[in-house]
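**Q** Provided herewith is a single structure, encoded as structure tokens, for subsequent inquiry.
The values are calculated or read from the model by the stated rules, or taken from the named source; none is laboratory data. This structure is a prediction, so every number in the text was calculated from the model and none was measured. FYI the Cβ positions are ideal-geometry reconstructions off the backbone, even for glycines, and counts take in every protein chain you see.
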Amino acid sequence: MTTKHKTNETIEALKYANDSYLDYSMYVIMSRALPFIGDGLKPVQRRIIYAMSELSLDHKAKYKKAARTVGDVLGKYHPHGDSACYESMVLMAQPFSFLHPMVDGQGNWGAIDDPKSFAAMRYTEARLSAFADDMVAEIKQDTVEWAPNFDGTLKEPTTLPARLPNILLNDTTGIAVGISCDIPSHNLEEVVNACVAVLKKKSTTDDEILDMIPYPDYPTGGEIITPLDKIRDAYLTGQGSFKIRGNTEIKGKVITITSIPPTKQLPPLLEAINGLIQKDKLPITDIRDLSDANNPICVEIEVKSAERARAVLDHLFTKTALEITLKINMNMIGLNQRPEQKPLPVIIREWCEFRQNVFERKKRFRLRAIESRIHILDGLLTAYNNLDEVIRIIRESDDAKSDLMRSFGLTELQVKAILDLRLRQLAKLEQSALELEKSELEGERDKLVELLADDGKIRRAIIAELKESCKLHRKDRVTTHCVRTTTSEAAVNLNMVEKENATVIISSNHWLRSMKGHGVDVSSLSFKTGDSYAQHIETDTLSPLIMMGTQGRFFAIPVHQLPNGKSTGEPVTSKVTLENGEKILCGLPYNEDAKVLITTSKGNGFIVPMKNLDTRAKRGKQVLVLTDGDAALTPEVLSPDHTSLVILTAHGRMVIIPIDEINESNKSQGVRLVDIKANEFLAETNGDKVEAVLPLANDETFNVYVGKRKFVIDGEKQSKYRAKRARRGLFFEGGRNNLSISKT
């Protein structure tokens with residue numbers, strides 16, 4: 001398929017689509033979503049600041065309607081939606097969004113508990129902050145490049161001549177096409193110290209830089225709990241993540257929240273806590289929101305007892321936005337004008353290079369201005385020294401300009417300055433002032449020439465400016481760091497639960513419920529239509545319910561999460577994930593010190609410690625590996641007294657083997673316990689298989705049933721059937737059909 005351009009050029013549609021999408025992608029990346037390393041701003045932010053500076057809205061000016069600024073930005077530089085532009089302006093004004101706000105707003109610009117509550121731009125007023133003034137102060141000194149605006153009628157700066165490394169000072173997030181950025185904010189003094197170190201010594205190592213900038217700093221405070229070495233790794237690669245918590249304090253049975261993580265809001269957090277009180281039955285008696293102008297975030301949570309406060313707080317960290325994970329993804333537009341992910345030390349070095357370039361351009365601009373002024377002063381002084389002749393030429397000549405240039409060797413610029421003089425400026429005093437001005441400018445010129453010729457002096461001058469700006473805008477660090485052990489959700493849930501006896505009821509259709517206490521009268525229980533009682537397990541609220549599936553997987557379900565016995569319960573599939581027609585065989589009471597015997601119909605088996613069956617995975621844990629045609633049997637919980645295992649097959653064979661001959665493993669196909677021939681097992685009709693297994697203690701008797709007849713098998717009768725593992729066993733002498741076994 002082909003398509004035509006307006007020039008009637010025919011190209012392939014696929015190529016046209018690819019090229020167009022690539023152009024669009026690069027436009028979004030370069031002109032919308034990613035910040036430039038020099039000023040740390042996205043285009044819309046840069047245009048807002050520049051438009052406000054053009055309106056003379058510095059930090060000392062009178063406030064002006066935000067709508068005026070937005071109008072200038074849209075009309076002159078940024079032809080996009082007014083609401084998006086205004087929201088960018090709002091973000092730059094919110095002290096809880098920017099560590100160093102760039103817009104000084106008057107009116108309702110949103111609150112920390114509801115950032116989107118800002119008033120419309122026709123009601124709010126704004127001017128630049130002192131920090132933003134430093135971003136744009138040198139823009140008229142030929143410090144940056146300029147480019148045509150969207151319609152070519154105006155020029156706009158491609159970057160601002162920032163005096164500080166804003167790219168690391170105010171956090172930036174952006175999503176482009178196939179690329180995004182998440183650059184956290186950092187403490188100004190720490191970042192400046194790193195820049196000073198690099199400017200002083202070009203060989204400053206990455207480790208030395210990262211020692212000065214250990215972790216982010218956010219305007220909302222918070223506590224970072226990720227180990228510093230992991231944050232360091234993220235800084236060295238430009239990509240990673242870390243966990244941050246809101247600031248909290250426990251006094252007795254009262255938990256006080258004094259800050260929440262960045263980007264999160266208080267009302268949804270309180271709503272989530274209230275939901276947990278109902279869902280997870282948190283022992284919270286009262287929640288008080290005491291936030292005000294002096295304490296933007298202050299929430300008191302009262303717990304039933306002081307002993308439960310820590311568990312409740314850990315639960316909130318696990319289940320709510322009181323603890324979140326933030327990404328580090330340092331994608332930005334570099335000095336080479338290309339989007340790139342940069343490690344933090346590279347950002348510091350590259351920004352220092354940017355700042356040195358801006359500084360040198362500023363000083364060269366000043367040098368050109370001084371040389372131009374000295375040139376004019378030379379012409380004026382020539383006129384003063386030949387004042388009578390100059391006056392005569394001006395009075396008598398038809399072309400005074402040309403005659404003055406020819407008579408005194410003056411340039412056109414010098415003659416223009418002479419002709420612009422007023423009569424009252426011809427006094428002797430004015431000549432002295434000009435000579436003094438020239439002398440001072442020549443001294444400044446010599447210093448500038450000397451400065452620009454010495455890279456060391458340039459760097460020292462930049463350091464002095466950095467320190468001066470840092471002194472003006474520095475803030476104490478508000479985000480702290482403390483390595484804390486991450487509490488698993490399962491452990492937190494257990495900490496929230498009081499240990500009580502419980503009985504788990506399992507129905508034939510595998511619906512689960514839990515009842516308080518032991519000794520439950522199961523005959524009085526009701527079930528859903530078509531369902532009935534299958535099994536009950538006496539356990540406690542702090543233990544998991546172990547369940548085995550027909551495909552050899554084990555599941556662990558926290559007992560305290562099961563619905564209470566007043567209901568018909570919940571299906572097991574709401575707690576675990578069963579696959580490919582898998583069903584539940586049975587449930588087991590949990591005992592960390594116990595061991596479980598797992599057997600199959602082919603006659604294989606092995607022993608697994610029960611503690612290895614406890615898993616948090618909803619998909620369970622594969623423990624038994626089944627071969628074709630094999631099937632799992634109901635597992636048996638072993639006690640230390642068990643020494644033998646009775647195995648009964650469908651053909652009526654019985655063998656008693658020592659348990660110590662059975663291997664122990666965490667995952668296995670099992671070892672052969674009884675020898676069932678493959679052709680007998682796979683027989684289409686009346687195939688042989690393991691019918692039942694029964695662990696025995698020393699001298700323990702058991703019963704064998706042949707139909708309705710019962711045979712008591714004591715120690716003497718047992719000896720006949722005892723054998724090594726993997727033997728075929730003997731046919732039971734009492735009969736071969738309808739056999740079953742049980743304890744006496």
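**Q** When you look at Asn495, is it out of contact with any Lys or Arg (no Cβ under 6 Å at 6 or more places or on another chain) and either modelled with pLDDT of 90 or more or within 25 Å of Val596 (Cβ to Cβ) (or both), yes or no?
**A** Working: out of contact with any Lys or Arg (no Cβ under 6 Å at 6 or more places or on another chain): yes; either modelled with pLDDT of 90 or more or within 25 Å of Val596 (Cβ to Cβ) (or both): no.
So Asn495 fails the test.
**Q** In the stretch 110-136, which residues are crowded, with 18+ Cβ neighbours inside 10 Å and of a type in the set (A, V, I, L, M)?
**A** Ile112, Met121, Ala126, Leu128, Ala132, Met135, Val136
**Q** Another question, then. Looking only at residues that are of a type in the set (Asp, Glu) and in contact (Cβ under 8 Å) with a residue 24 or more places away in the chain in the stretch 672-699, which one is surrounded by the most Cβ atoms within 10 Å (Cβ to Cβ)? Explain how you work it out, then say what you get.
**A** So in the stretch 672-699, the residues of a type in the set (Asp, Glu) come out as 675, 680, 684, 688, 691, 699.
Those still in the list that are in contact (Cβ under 8 Å) with a residue 24 or more places away in the chain too: 675, 680, 688, 691.
Working: Asp675: 16, Glu680: 16, Asp688: 22, Glu691: 19.
Top of the filtered list is Asp688.
**Q** Related question: Can you find a residue in the stretch 219-238 that is modelled with pLDDT under 90 and either among the polar types (S, T, N, Q) or under 21 Å from Ser117 (Cβ atoms) (or both)?
**A** From the stretch 219-238, those modelled with pLDDT under 90 are none; that's our starting set.
Checking the stretch 219-238: not a single residue is modelled with pLDDT under 90 and either among the polar types (S, T, N, Q) or under 21 Å from Ser117 (Cβ atoms) (or both).
**Q** Test Thr649 against the criterion of being surrounded by 19 or more Cβ atoms within 10 Å (Cβ to Cβ), outside the structural domain of Phe554 (by TED's automatic domain parsing), at pLDDT below 95 and among the hydroxyl-bearing types (Ser, Thr, Tyr), and give yes or no. Talk me through it step by step, then tell me what you get.
**A** Details: surrounded by 19 or more Cβ atoms within 10 Å (Cβ to Cβ): yes; outside the structural domain of Phe554 (by TED's automatic domain parsing): yes; at pLDDT below 95: yes; among the hydroxyl-bearing types (Ser, Thr, Tyr): yes.
Here the answer is yes, as Thr649 does meet what is asked.
**Q** Which residues, counting only those in the stretch 610-633, are part of a loop (DSSP other than H, G, I, E, B) and either more than 29 Å from Arg653 (Cα to Cα) or in contact (Cβ under 8 Å) with a residue 60 or more places away in the chain (or both)?
**A** Within the stretch 610-633, Asp614, Thr615, Arg616, Ala617, Lys618, Arg619, Gly620, Val623, Val625, Leu626, Ala631, Leu633 qualify.
**Q** Could you tell me which numbered condition Asn386 fails, if it satisfies all but one of (1) within 25 Å of Arg366 (Cβ to Cβ); (2) free of Cβ contacts under 8 Å to residues at least 24 places away in the same chain?
**A** Result: Asn386 passes all but (1).
**Q** Next question, about the same structure. Given the conditions (1) aliphatic (A, V, I, L, M); (2) buried (at least 19 other Cβ atoms within 10 Å of the Cβ); (3) farther than 21 Å from Phe555 by Cα, and given that Ile659 satisfies all but one, which numbered condition is not satisfied?
**A** It is condition (2) that Ile659 fails.
Residue-wise test of (1) assigned to a loop (DSSP other than H, G, I, E, B); (2) buried (at least 23 other Cβ atoms within 10 Å of the Cβ); (3) hydrophobic (A, V, I, L, M, F, W, C); (4) not assigned by TED's automatic domain parsing to the domain that holds Pro261.
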{"residue": "Ala67", "(1), (2), (3), (4)": "no, no, yes, yes"}
{"residue": "Asp72", "(1), (2), (3), (4)": "no, no, no, yes"}
{"residue": "Gly75", "(1), (2), (3), (4)": "no, no, no, yes"}
{"residue": "Ala84", "(1), (2), (3), (4)": "no, no, yes, yes"}
{"residue": "Glu87", "(1), (2), (3), (4)": "no, no, no, yes"}
{"residue": "Leu91", "(1), (2), (3), (4)": "no, no, yes, yes"}
{"residue": "Leu99", "(1), (2), (3), (4)": "yes, yes, yes, yes"}
{"residue": "Asn108", "(1), (2), (3), (4)": "yes, no, no, yes"}
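**Q** Is it the case that Glu700 is within 59 Å of the chain's Cα centre (by Cα), in the same structural domain as Lys602 (by TED's automatic domain parsing) and not hydrophobic (A, V, I, L, M, F, W, C)? Walk me through how you get there before you give the answer.
**A** Values: within 59 Å of the chain's Cα centre (by Cα): no; in the same structural domain as Lys602 (by TED's automatic domain parsing): yes; not hydrophobic (A, V, I, L, M, F, W, C): yes.
Against the criterion (within 59 Å of the chain's Cα centre (by Cα), in the same structural domain as Lys602 (by TED's automatic domain parsing) and not hydrophobic (A, V, I, L, M, F, W, C)), Glu700 does not qualify.
**Q** Check every one of the strands (runs of 3 or more DSSP E) wholly within the stretch 522-609 and list those with 1 or more residues that are in contact with a helix residue (DSSP H, G or I) (Cβ under 7 Å, 6 or more places away or on another chain), of a type in the set (Ser, Thr, Tyr) and surrounded by fewer than 22 Cβ atoms within 10 Å (Cβ to Cβ). Before the answer, list the steps.
**A** On the way: elements: 533-540, 544-549, 553-558, 584-589, 595-599, 604-609.
Per the criteria, 533-540.
**Q** Let me ask something else about it. Note down all Cβ pairs under 7 Å where the first residue falls in the stretch 429-450 and is farther than 14 Å from Asn385 by Cα, the second is among the acidic types (Asp, Glu), and they're at least six residues apart or on different chains.
**A** From the stretch 429-450, the pairs are Arg445/Glu371.
**Q** Test of understanding: among Ile418, Ile393, which residue is surrounded by 13 or more Cβ atoms within 10 Å (Cβ to Cβ) and either of a type in the set (Phe, Trp, Tyr) or more than 22 Å from Leu436 (Cα to Cα) (or both)? Lay out the reasoning, then the answer.
**A** Working: Ile418 fails: either of a type in the set (Phe, Trp, Tyr) or more than 22 Å from Leu436 (Cα to Cα) (or both).
Matching residue, one of Ile418, Ile393: Ile393.
**Q** Quick one: what pairs do we get from the stretch 57-68, first residue touching a residue at least 12 places away in the same chain (Cβ under 8 Å), second assigned to a loop (DSSP other than H, G, I, E, B) and of a type in the set (D, E, K, R), C-beta under 9 Å, 6+ apart or different chains?
**A** Hits for this filter: Lys65/Arg122; Ala66/Arg122; Ala67/Arg122.
**Q** Given the conditions (1) without any contact (Cβ under 8 Å) to a residue 60 or more places away in the chain; (2) under 30 Å from Glu664 (Cα atoms), which single one is not true for Ile546?
**A** Result: Ile546 passes all but (1).
**Q** Here are some residues: His100, His80. Which one is modelled with pLDDT under 95, within 21 Å of Thr173 (Cβ to Cβ) and not polar (S, T, N, Q)?
**A** Numbers: His100 fails: modelled with pLDDT under 95.
The conditions single out His80.
**Q** Would you mind finding the one in Ala162, Ala194 that is part of a loop (DSSP other than H, G, I, E, B), under 20 Å from Gly38 (Cβ atoms) and either among the small types (Gly, Ala, Ser) or within 23 Å of the chain's Cα centre (by Cα) (or both)? Explain how you work it out, then say what you get.
**A** Details: Ala194 fails: part of a loop (DSSP other than H, G, I, E, B).
Result: Ala162 is the single residue among Ala162, Ala194 that is part of a loop (DSSP other than H, G, I, E, B), under 20 Å from Gly38 (Cβ atoms) and either among the small types (Gly, Ala, Ser) or within 23 Å of the chain's Cα centre (by Cα) (or both).
**Q** On to the next question. Of these, Asp104, Asp133, Asp142, which one is in a loop (DSSP other than H, G, I, E, B) and among the charged types (D, E, K, R)? Write out each step before concluding.
**A** Working: Asp104 fails: in a loop (DSSP other than H, G, I, E, B); Asp133 fails: in a loop (DSSP other than H, G, I, E, B).
Result: Asp142 is the single residue among Asp104, Asp133, Asp142 that is in a loop (DSSP other than H, G, I, E, B) and among the charged types (D, E, K, R).
**Q** Regarding Ile231, is this residue at negative phi, surrounded by 21 or more Cβ atoms within 10 Å (Cβ to Cβ), of a type in the set (A, V, I, L, M, F, W, C) and not assigned by TED's automatic domain parsing to the domain that holds Ile284?
**A** Numbers: at negative phi: yes; surrounded by 21 or more Cβ atoms within 10 Å (Cβ to Cβ): yes; of a type in the set (A, V, I, L, M, F, W, C): yes; not assigned by TED's automatic domain parsing to the domain that holds Ile284: yes.
Yes.
**Q** Name the single residue that is surrounded by the fewest Cβ atoms within 10 Å (Cβ to Cβ) among those in the stretch 700-724 being among the hydroxyl-bearing types (Ser, Thr, Tyr) and in a helix (DSSP H, G or I).
**A** The first filter runs over the stretch 700-724 and keeps only residues among the hydroxyl-bearing types (Ser, Thr, Tyr), leaving 701, 705, 719, 721.
Then drop every residue that is not in a helix (DSSP H, G or I), which leaves 719, 721.
Numbers: Ser719: 9, Tyr721: 21.
Within the stretch 700-724, the match that is surrounded by the fewest Cβ atoms within 10 Å (Cβ to Cβ) is Ser719.
**Q** Any residue that is touching a strand residue (DSSP E or B) at 6+ places or on another chain (Cβ under 7 Å), in a strand (DSSP E or B), over 30 Å from Leu41 (Cβ atoms) and at pLDDT below 95 - is there at least one of those in the stretch 266-283?
**A** no
**Q** Right, something else. Give me the residue from the stretch 114-155 that is more than 35 Å from the chain's Cα centre (by Cα) and acidic (Asp, Glu) and, out of that set, nearest to Met52 (Cα to Cα).
**A** Filtering the stretch 114-155 for residues that are more than 35 Å from the chain's Cα centre (by Cα) and acidic (Asp, Glu), the one nearest to Met52 (Cα to Cα) comes out as Glu138.
**Q** In addition: For the stretch 227-265, give me each residue that is more than 23 Å from Thr205 (Cβ to Cβ) and outside any strand (DSSP E or B). Quick ask: steps written out before the conclusion?
**A** Keep residues of the stretch 227-265 that are more than 23 Å from Thr205 (Cβ to Cβ), which gives 241, 243-265.
Correct list: Gly246, Asn247, Gly252, Lys253, Thr258, Ser259, Ile260, Pro261, Pro262, Thr263, Lys264, Gln265.
**Q** Additional query: The conditions are (1) closer than 23 Å to Glu223 by Cα; (2) out of contact with any Phe, Trp or Tyr (no Cβ under 9 Å at 6 or more places or on another chain); (3) buried (at least 19 other Cβ atoms within 10 Å of the Cβ), and Leu344 fails exactly one of them. Which is it?
**A** Here Leu344 meets the rest and fails (2).
**Q** Can you confirm whether the stretch 295-305 contains a residue that is outside any strand (DSSP E or B), at positive phi, modelled with pLDDT under 95 and under 27 Å from the mean Cα position of the chain (by Cα)? Quick ask: steps written out before the conclusion?
**A** The first filter runs over the stretch 295-305 and keeps only residues outside any strand (DSSP E or B), leaving 295-298, 304-305.
Checking which are at positive phi leaves us with none.
No, every residue in the stretch 295-305 fails to be outside any strand (DSSP E or B), at positive phi, modelled with pLDDT under 95 and under 27 Å from the mean Cα position of the chain (by Cα).
**Q** So in the stretch 197-226, with the set limited to residues that are in a loop (DSSP other than H, G, I, E, B) and among the hydrophobic types (A, V, I, L, M, F, W, C), which one is nearest to Gln265 (Cα to Cα)?
**A** First, pick out the residues of the stretch 197-226 that are in a loop (DSSP other than H, G, I, E, B): 201-205, 213-222, 225-226.
If we keep only those that are among the hydrophobic types (A, V, I, L, M, F, W, C) as well, we get 213, 225.
Details: Ile213: 27, Ile225: 20 Å.
Filtering first and then ranking leaves Ile225.
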